[in-house]
Ligand code: NAD
Ligand code: IPM
Ligand code: MN
């Protein structure tokens, strides 16, 4: 029996509703594969912020550093500005633990009606740069409240930071369909994006077997809707990858099913697994949340921990329930969170 210590951060809103189903599924699948989990639960959230003035304690990252992985629900709630809650919890964890790859697979699943006429067979993965780029603390505001007020937000791209995530994307493509599409905007953004393109071209030269495409982010967004099957691995900056992953998830039916792995590929620090979606205040507390994004993220965690067969079993159960017609409302079904979870657990 192998036992893993998991740091559990449910966070806010439906984050607290989708993690228990993911945990139950991990435990059930684990039993069949001689894997066990112990969970340390951390109440880091907007509620904590309102009560104690901080999303997590100052030594938060140190407290979860020695865990084998982090499982997170979602962060953000009305009443706490989003940039305060996210820069107080999610983003510092990604950065402290050098989780510079955010891996976001998208598949059209059997039994899931997407919004497009024909998206059958879509199977792609967004590789999002996760610790630099457009997400930066550098900048400021001047002349608050005056007619001449201005805000400046710097984007920081480093050769090392871009190279390592693009290398990751090419190496991943070599295990899939050998095709990488780089998201750029070097026609409008004249310093960082030409730099990005240059680095991508250099990495592409080192991977002659992988087909390389480059698309401006605007055209890429359109192509993702019109011809989603033509993509395999899409690599993008922090912001472009963020937007593309919600778009691609919607093409596949719902952002409620989309998983994410925040990876520290060197394994010097724990990696963090979380659904792509947020805390969804509009449906929170109603039992409507689709827990599949969290479940699939848990499968990515199993994979990362070295248990691909257990991960495949977990996904077979979660996807199988959909093929049986048990679906939550975001997928056009009538099941609630608990009902879909039961159907999945029954299949394990
Ligand atoms: P959101 O993802 O929370 O919700 C967008 C829409 O998708 C809503 O209509 C919601 O009901 C629906 N939805 C999302 N997840 C679903 C699920 N599992 N099942 C069914 N429907 C689902 O995005 P938002 O509204 O932009 O953000 C709400 C809050 O979450 C904000 O505070 C935001 O900053 C935060 N957020 C956090 C994360 C994170 O922690 N990783 C990610 C995105 C947004
Ligand atoms: C995500 C989220 C976060 C991000 C927000 C909430 C800061 O949208 O994980 O996709 O942009 O990284
Ligand atoms: Mn996002």
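For beta carbons closer than 7 Å, sequence separation of 6+ or different chains, a first residue in the range 233-252 that is within 12 Å of ligand 1 (Cβ to nearest atom) and a second that is modelled with pLDDT of 95 or more and not in a strand (DSSP E or B), the qualifying pairs are 245/258; 245/276; 246/255; 246/276; 249/255; 249/257; 249/258; 249/276. Being more than 18 Å from residue 301 (Cβ to Cβ) and surrounded by 16 or more Cβ atoms within 10 Å (Cβ to Cβ) is the filter here, so list the residues in the range 107-124 that pass it. Listed by number, the residues that qualify are 108, 109, 111, 112, 114, 116, 119, 122, 124. Need pairs with beta-carbon distance below 7 Å; first residue farther than 16 Å from residue 104 by Cα and within the range 298-315, second at pLDDT 95 or above and assigned to a loop (DSSP other than H, G, I, E, B); sequence gap 6+ or separate chains. Once the first residue is farther than 16 Å from residue 104 by Cα and sits in the range 298-315, its partners that are at pLDDT 95 or above and assigned to a loop (DSSP other than H, G, I, E, B) give 305/68; 307/33; 309/33; 310/33. Look at the range 72-92: where a residue is more than 17 Å from residue 281 (Cα to Cα) and a partner is assigned to a loop (DSSP other than H, G, I, E, B), sitting 6+ places away or on another chain with Cβ atoms under 6 Å, you get 88/55; 89/44; 89/55; 89/56; 89/75; 90/75. For residues that are part of a loop (DSSP other than H, G, I, E, B) and in contact with a helix residue (DSSP H, G or I) (Cβ under 9 Å, 6 or more places away or on another chain), scanning just the range 196-208, find the one that is surrounded by the fewest Cβ atoms within 10 Å (Cβ to Cβ). Step by step, filter the range 196-208, then rank; the result is 206. Just one of the numbered conditions (1) within 17 Å of the chain's Cα centre (by Cα); (2) under 20 Å from residue 290 (Cβ atoms); (3) assigned to a helix (DSSP H, G or I) is not true of residue 8: (3).
Matching residues to (1) within 28 Å of residue 277 (Cβ to Cβ); (2) modelled with pLDDT under 95; (3) surrounded by 16 or more Cβ atoms within 10 Å (Cβ to Cβ):
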residue	(1), (2), (3)
130	yes, no, yes
134	yes, no, yes
148	no, no, no
157	yes, no, yes
163	no, no, no
177	yes, no, no
194	no, no, no
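Let's see how each residue does on (1) more than 15 Å from residue 109 (Cα to Cα); (2) away from ligand 3 (no atom under 14 Å from the Cβ); (3) in contact with a helix residue (DSSP H, G or I) (Cβ under 9 Å, 6 or more places away or on another chain):
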| position | (1), (2), (3) |
| --- | --- |
| 234 | yes, yes, yes |
| 253 | no, yes, yes |
| 282 | yes, yes, no |
| 295 | no, yes, yes |
| 317 | no, yes, yes |
| 321 | no, yes, yes |
| 338 | yes, yes, yes |
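Just give me the residues in the range 116-144 being touching a helix residue (DSSP H, G or I) at 6+ places or on another chain (Cβ under 8 Å), closer than 27 Å to residue 87 by Cβ and assigned to a loop (DSSP other than H, G, I, E, B), in sequence order. Those that are touching a helix residue (DSSP H, G or I) at 6+ places or on another chain (Cβ under 8 Å), closer than 27 Å to residue 87 by Cβ and assigned to a loop (DSSP other than H, G, I, E, B): 130, 131, 132, 134, 135, 137. Identification of helices (runs of 4 or more DSSP H) wholly contained in the range 49-101 with 3 or more residues that are within 15 Å of ligand 1 (Cβ to nearest atom) and either surrounded by 14 or more Cβ atoms within 10 Å (Cβ to Cβ) or not assigned by TED's automatic domain parsing to the domain that holds residue 16 (or both) yields 82-87, 90-96.
The values are calculated or read from the model by the stated rules, or taken from the named source; none is laboratory data. These numbers were taken from a predicted model, which means no experiment stands behind them. Methodologically, a virtual Cβ is constructed for each residue, glycine included, from the backbone with ideal geometry; neighbour enumeration extends over all protein chains shown.
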